[in-house]
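Below is one structure; the comments refer to it alone.
Read-outs: derived from the displayed coordinates by stated rules, not from any lab. Because the structure is a prediction, the values reported are computed rather than measured. Cβ atoms come from the backbone with ideal geometry, glycine included; neighbour counts cover every protein chain shown.
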Amino acid sequence: MLDVLSQTTFRRLFSAQVVALVGTGMATVALSLLAYDLAGANAGQVLGTALAIKMAVYILLAPLSGAFVPPHLRKRALIVLDLVRAAAALTLPFVTEIWQVYVLIAVLQSASACFTPLFQSVIPEILPEEADYTKALSLSRLAYDLESLFSPMLAAGLLTVISFHGLFAGTSVGFILSAILVFGTVFPTAGIKVQGHPLQRALRGMRIYLQTPRLRGLLATNLVAAAGGAMIFVNTIVLVKSKLGGNDTQVALALAAFGCGSMLVAIALPRLLRNRSDRSVMLTSATVLTVAMIVGTLVMRMSGNLLPWAALLCLWFVSGMAYAGLITPGGRLLRRSSSADNLPFLFAAQFSLSHVCWLMAYPLAGWLGSKAGLTVAYGALAALAVAGLVAARVVWPAVDETDVPHSHENLAPDHPHWKEHGGYVDGSHSHSYFIDDVHRSWPRS
């Protein structure tokens, strides 16, 4: 898996992702502690609102970033966005009111909403071979797990010598280092066509996504991941500090248990995906995460609206394993479902639509947990996961081939498409099928 790091451009971009995510992970812990400092037992409600704001700007801005930023300006845009994030993070330690948290989170996450799809769309251009791209996805998943494993552990160590306000400075340093690494990277631009108005390009990614069956299945599994992740990201601090009487270090350790499970699966996925389909791995992971949530709800109900420490660590670890199995293969599905020209818009659509799921899940975890109790919130999120799991099994075909037999009833016999794919023979042929100007909808089975 590590051999893809021999590619200089990918190594630099991956390093930029790592240092930015280390900072982001420390900010996640610090933001939880800041919310608890400002709101006490209502910290889950504050976090739920802050994360809902994050999801809202992701949904609105992510599709536009890939459409409005031309390929030759991606590098400059990423550097500017990193610097904006660094400035916003530096301001968070001076927050004294809850509304100020919401404003700064909106600024910080608006920059991230534009940064992430642009960043993701570069990787398949750098690593055109599917085996290399799969390894890159797993490494990327490991980098994201730094936010759940290494960063909370680093934060726990730092909290013994500094206040949580100092963690925001670490976040800012991470974004600045990321900008420096991006500055030293050569971005691919050759051969990338940009056609149509920016708004048309943004909508094109949405159209491709929603008309491709495997991507509709991906969206349904995103709902399962959001339901499981929301409970952990929003309510871990409430469970540990308010219900179990734990300290800041135990909050970080609980988040690290989730990250450890996720990391173990991310390491194993490249080998696993050589022998099993993406659909099989992702639906199995969705089932495991859903069952873990149901078990967690039952344990909380029997334990008086709290999770015993050992049960919490075990469930968070299993949930982390399932979460990685759900999230990591998604990039492979996107790459398989689009031409290179449309891939940036498809990544942006995935980023936006997946966060619609998070926008549904975060208020359930935060507001419902605050008003009706954590057991009710966990149960509601488990029900949301069940709905996503059932939908994924229904809309994602069990036989999901890349080459799809189809015909073109209204395509002229001399159209270049026939020459490109072997000539015109009774109107029916087979090739890698993408939604585009020639293929306007998915053929019926």
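A simple packing score, the average count of other Cβ atoms within 10 Å per residue, orders the peptides 166-175, 94-103 as 166-175, 94-103, with the highest score first.
Computed packing ranks the peptides 365-371, 346-352, 295-301 as 346-352, 365-371, 295-301, most packed first, by mean other Cβ atoms within 10 Å. The order of the peptides 177-187, 115-125, 214-224 by mean Cβ neighbours within 10 Å, most packed first, is 214-224, 115-125, 177-187.
Counting other beta carbons within 10 Å of each residue's own, what order do Leu5, Leu64 fall into, fewest first? Intermediate values should be presented prior to the final figure.
Numbers: Leu5 15, Leu64 18.
Neighbour counts put them in this order, fewest first: Leu5, Leu64.
Tally Lys and Arg at +1 and Asp and Glu at -1 over the other residues with C-beta under 14 Å from the C-beta of Ser110: what net charge comes out?
With Lys, Arg at +1 and Asp, Glu at -1, the neighbours total +1.
In units of the compact-protein estimate 2.2 N^0.38 Å, segment 231-287 shows a Cα radius of gyration of 1.52. Local charge for Thr375 was computed over the other residues whose Cβ lies under 13 Å away, with Lys and Arg +1 and Asp and Glu -1, and equals +3. Using the Cβ-Cβ distance between Asn305 and Arg274 with R0 = 41 Å, the FRET efficiency computed as 1/(1 + (r/R0)^6) comes to roughly 0.40.
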